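I have placed the structure first, in the form of C-alpha cells, so that the comments after it can refer back to it.
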Amino acid sequence: MSTHNPGFATLAVHAGAQPDPATGARTTPIYQTTSFVFESADHAAALFGLQQFGNIYTRIMNPTQAVLEERVAALEGGAAALAVASGHAAQMLVFHTIMQPGDNFLAARKLYGGSINQFGHAFKNFGWEVRWADPADPASFESQIDERTKGIFIESLANPGGTFVDIAAIAEVAQRNGLPLIVDNTMASPYLLRPLEHGADIVVHSLTKFLGGHGNSMGGMIVDGGTFDWSQSGRYPMLSEPRPEYAGVELHKTFGNIAFAIACRVLGLRDLGPAISPFNAFMILTGIETLPLRMQRHCDNALAAATWLKAHEKVSWVSYSGLEDDPNHALQQQYAPKGSGAVFTFGLKGGYEAGKTFVEGLQMFSHLANIGDTRSLVIHPASTTHRQLSEEQQVAAGAGPDVVRLSIGIEDPADIIADLEQSLAKI
Ligand SMILES: *Cc1c(COP(=O)(O)O)cnc(C)c1O
C-alpha cells in the first residue's frame with residue numbers, strides 16, 4: 001500500500017484503523033474510559049502543555065474517536081479532523097474558533113432548519129451576527145462583507161431542497177476577501193463530493209445522517225482542509241495570538257496546517273464540552289465502512305422514486321437534481337456525477353391537506369425528523385423541522401406549505417414505489 005493511493009471504498013474500511021496494539025482486536029475497540037494513566041509526571045506535564053500529543057481525558061480525545069477522525073479526514077482529503085457530539089456541536093465549535101463578540105459571518109439562506117435557528121437565535125447570545133445570502137448568487141455574499149466578517153457558510157447539497165451549490169464560485173468570493181469557506185457536506189457525503197477539492201477550507205458534518213447511516217447514533221465532525229492562512233494580522237486571535245492557558249503558545253505557528261483542528265479541540269471542545277461518546281464513535285465508524293455502497297443505493301433508489309413521482313397525476317412538481325430537466329441538473333453533473341443524494345422534495349396538487357393525508361397513509365416510510373437512515377423517511381417540513389420559520393423563510397429555504405420531503409432508503413426500489421403508490425391512492 002506504500003506507494004499506491006488507496007481508493008475511496010478502501011479508505012472507508014481501513015483509514016485510521018489498525019489491529020489493537022494491546023489485544024490484536026481487528027475491529028476498533030470501544031475505549032469506554034473517561035481517562036488515561038500518565039507514564040510519569042513529566043509526561044503528564046507535556047500533554048497538558050501541548051508539547052506532546054496523547055490521551056488525557058475523553059472530553060478532549062479518545063482512541064476510538066481518533067480512528068473516526070482520521071477516517072473522515074481521509075475520506076474528505078483534509079489535513080486533520082475533530083469528532084464531536086453532533087452536527088450542531090461541530091458548527092458551534094467552528095464559529096467559536098473564528099468569531100469574537102461583534103463579529104459577523106455570511107450564510108446561505110438555504111440551510112437545514114436547525115442551522116437557521118442556531119445561527120439566527122442561539123448565536124445572537126454570543127454576539128455573533130449571521131447575514132443571509134442567496135447560494136445561487138455569489139455577489140449577494142460579497143456585497144455584505146465588512147471588516148468584522150469572519151467566514152462564509154454553505155451546504156454543498158442543501159437540505160431540504162436537495163439542490164447543489166456552486167461551491168467554487170463562492171470559494172472565489174471567500175478567497176478574494178481572505179475568509180475561510182465552511183461547507184456542511186452532510187447531505188452529499190464525501191462519496192458524492194469533496195468540498196475541499198472545490199476551494200472549501202473547512203468541512204463540517206452531521207455524522208448522525210449518511211456517515212453513521214443507520215439512524216442510531218448522533219455525531220458531528222469538523223474537517224480542517226489545512227490550507228487557510230490564519231496568521232493574518234489579528235483577524236483570528238484564537239489562532240494567531242499567544243494563548244494564556246497554554247503558556248503563550250501561538251497555535252498557527254506551532255501546529256501549521258492542522259492549527260484549526262487543534263484550536264477547535266484544545267480551546268473549543270476542551271472548554272465547551274460537546275464530546276462524542278466512544279460508543280457512538282464506534283457505531284459511526286462501522287457505518288462508514290459501507291458508505292460507498294449505501295450512498296450509491298440511496299441515489300439510485302431516489303432517482304427511481306423521483307422519476308416515478310414526476311409522472312404521477314396527483315403530483316404537481318418534483319425537485320430532484322438527478323432528473324434531467326431539473327434546473328439544478330447541470331450543477332449536479334458538475335459536482336456529483338455519481339448521484340444526487342437520497343433527499344428530495346415534491347408538491348401535491350391537493351396542497352397542505354393532501355400532504356398530510358399522504359404522509360399519514362405511508363406504511364413502509366417512517367414519518368420522522370431525520371435523513372440518511374437505511375430506512376425510507378418522510379416529513380412535512382413546514383409543520384416540523386422548518387416550523388419556527390416565517391412562511392417567507394420557509395419558502396426561501398425550500399420548505400413551503402405544500403412541500404413533502406423524502407429521504408429514500410436502501411430498500412428494494414419496487415417496495416418504495418409501491419408504498420408511495422398506495423398512499424397517493426388515498427388522496
Ligand atoms: C442534521 C443536520 C445538521 C445538524 O446535525 P445534528 O447531528 O442533528 O446536530 C446540520 N446540517 C445538516 C445538513 C443536517 O442535515
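Gly114 passes every criterion in (1) crowded, with 21+ Cβ neighbours inside 10 Å; (2) more than 21 Å from Ala263 (Cβ to Cβ); (3) within 12 Å of the ligand (Cβ to nearest atom) apart from (1).
Look at the range 73-93: where a residue is outside the structural domain of Val13 (by TED's automatic domain parsing), no partner that is more than 8 Å from the ligand (Cβ to nearest atom) and at pLDDT 95 or above sits 6+ places away or on another chain with Cβ atoms under 9 Å. Name the residue that is surrounded by the fewest Cβ atoms within 10 Å (Cβ to Cβ), counting only residues in the range 34-50 that are under 23 Å from Leu93 (Cβ atoms) and among the polar types (S, T, N, Q). Among them, the one singled out is Thr34.
The requirement of being closer than 25 Å to Pro180 by Cα and at pLDDT below 95 is fulfilled somewhere in the range 95-109, by at least one residue.
For the range 100-111, name all the residues that are under 23 Å from Thr163 (Cα atoms) and either within 15 Å of the ligand (Cβ to nearest atom) or assigned to a loop (DSSP other than H, G, I, E, B) (or both). Working first, answer last.
Just the residues of the range 100-111 that are under 23 Å from Thr163 (Cα atoms), to begin with: 105-111.
Within the range 100-111, Ala107, Ala108, Arg109, Lys110, Leu111 meet the criteria.
Grab the strands (runs of 3 or more DSSP E) fully contained in the range 112-211, keeping just those with 3 or more residues being under 29 Å from Phe279 (Cβ atoms) and among the β-branched types (Val, Ile, Thr). Fully inside the range 112-211 and qualifying: 202-206. Just name the residue that is nearest to the ligand (Cβ to nearest atom) out of those in the range 203-259 that are closer than 24 Å to Arg148 by Cβ and within 17 Å of the chain's Cα centre (by Cα). Going through the qualifying residues, I end up with Val204. The numbered conditions (1) surrounded by 16 or more Cβ atoms within 10 Å (Cβ to Cβ); (2) touching a Gly at 6+ places or on another chain (Cβ under 8 Å); (3) free of Cβ contacts under 8 Å to residues at least 60 places away in the same chain; (4) under 30 Å from Ser35 (Cα atoms) are all true for His329 except (4).
The values are calculated or read from the model by the stated rules, or taken from the named source; none is laboratory data. The shown structure was predicted, so the numbers you read here are calculated from the model rather than taken from an experiment. Positions of Cβ are generated from backbone atoms using ideal geometry, with glycine treated the same way; all protein chains shown enter the neighbour counts.
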